[in-house]
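Worksheet for the structure shown next.
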């Protein structure tokens, strides 16, 4: 089986670096993008399977999702988006459902849960917190 290529887009480099390490240990290839420009560049050149992207007031991941979807149109099948925030927000989750995002996670989830969501999204499933009884928010 090919390794899942995952792009982590977040302004908090320390968190993403730690998450990247845990993903690599689990057999998931991870790269980091600290901003929208680098994210768009890596999505086009590296072609990740999954993009975990910060969606909060400091970094509007919705803009990146919209830009990629508009650029690629129907050719956007190679990438699946997962929105991430520091704390759970029902309004963010609803916004993600209205975009092309396939899942929503929060940083307080443990690594096994995040890895499980990545694998589910990679296999074509949608994973939203308020619809998934096994996801726990600490």
**Asked** Pick from 122, 21, 88: which is most flexible by mean-square fluctuation in a GNM of the chain where alpha carbon atoms under 10 Å apart are linked?
**Response** 21
**Prompt:** In whole angstrom, and with the biggest value first, how far do the Cα coordinates of the chain range along each principal axis?
**Reply:** 35, 33, 28
**Over region 1-73 - Rg/Rh using Cα atoms and the Kirkwood inverse-distance radius** = 0.97
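No lab work stands behind these numbers, since they all come straight from the coordinates. For clarity, every value in this text was computed on a predicted model and none was experimentally measured.
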